[in-house]
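A quick write-up on the structure given underneath.
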Amino acid sequence: MDSHNFLFIAGHWKGSGEISLAESEEPLIFTTQWTIEVADSRISCTQEIEIEGLPEKMSNAYLITHQGLSHFDIQLSNPLFGTVVGKGLKAPNFIAWEFRGLHDAGFDGFEKYDRHPNGLYSIHAEYTSGDHSRTVISGSLWPA
């Protein structure tokens, strides 16, 4: 059995934090909700993101396959970038993934979820877009 409750076990998660854009002095506040479904060796995740002051939600769909003890393949689909494939790592205290060399898709970067003893996760992500703009995301995630 996996030691992580987030991402590898079916359930619902909520989170919040800040998005810092290179072209903006003020960070954007966001909330997020994850729905995770597990079927056989495939994990499907839907992530909804609301950014304070923006009228529309953003949506990401993730598919996790080919899990080993410390690694997995991850696919991200969203209306803005289409579908990209990356590699993930898992250890007892973190889950992380990256999408590298995807400038044709308009971005590359990584996300890392550090697990705390109380079961919550801290989020740190960094992405660079095709025009070299940098986005940094930080926050927390907890069971819904």
Only Lys, Arg, Asp and Glu count, each charged at its Cβ (+1, +1, -1, -1), so figure out the dipole size of the stretch 31-129 about its Cα centre, rounded to 20 debye.
340 debye
Order 62-71, 120-129 from most to least packed using the mean count of other Cβ atoms within 10 Å.
120-129, 62-71
Calculate how large, on average over all directions, the projected area of the Cα convex hull of the stretch 6-144 is; give the answer in nm² to one decimal.
8.4 nm²
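Just so you know, all these numbers are worked out from the coordinates, no wet-lab data involved. Bear in mind the structure is a predicted one, so any value in this text is a computation, not a measurement. Counting neighbours? That spans all protein chains shown, and the Cβs are built from the backbone with ideal geometry, glycine included.
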